[in-house]
1. Rounded to the nearest whole Å³, what is the per residue volume of the convex hull around the Cα atoms of the stretch 3-77?
2. With a 10 Å Cβ neighbour count serving as the proxy for reagent exposure, in which order, fewest first, do Glu53, Glu6 appear?
3. Would you list Cys69, Cys34 from fewest to most Cβ contacts within 10 Å?
4. Modelling each spin label as a point 7 Å along the Cα-to-Cβ direction, I'd like the Cys34/Glu63 distance in nm, to one decimal.
Amino acid sequence: MKATLESQYIVAHPPLRGLWYYSLNHARALLHHCPFGFGLSFFDYKGEAGNRERTGRLFGRYEAPIYECKELGYPVATPAEL
């Protein structure tokens with residue numbers, strides 16, 4: 001079974017503490033222990049935010065597939081009413 005890790009929070013925010021740090025290390029641990037079972041996804045409307053470059057810097061040593069949505073931005077894809 002393959003799973004996709006939605007990594008928008010990690011790649012779209014500058015390095016912070018707390019949840020960002022936990023999310024980054026959790027994703028790295030999953031990719032390290034099961035490299036062919038996970039992929040990474042994020043939103044980058046028309047590539048303007050540079051999320052692919054940040055994903056490469058953060059996860060470059062893992063050979064996980066990267067799925068990028070360039071058709072809409074993260075605020076459009078996630079309803080604010082949650």
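Each value in this text was obtained by applying a stated rule to the coordinates, not by laboratory testing. Nothing here was measured: the structure is a model prediction, and the numbers come from that model. When we count neighbours, we look across all protein chains shown, and the Cβ atoms used for this are built from the backbone with ideal geometry, even at glycine.
1. Numbers: hull volume 6.3 nm³, N = 75.
Taking the convex hull of the Cα positions in the stretch 3-77, it is 84 Å³ per residue.
2. Values: Glu53 12, Glu6 15.
Least crowded to most crowded, the residues run Glu53, Glu6.
3. Details: Cys69 15, Cys34 12.
Lowest count first: Cys34, Cys69.
4. Between Cys34 and Glu63, the label points sit 1.9 nm apart.
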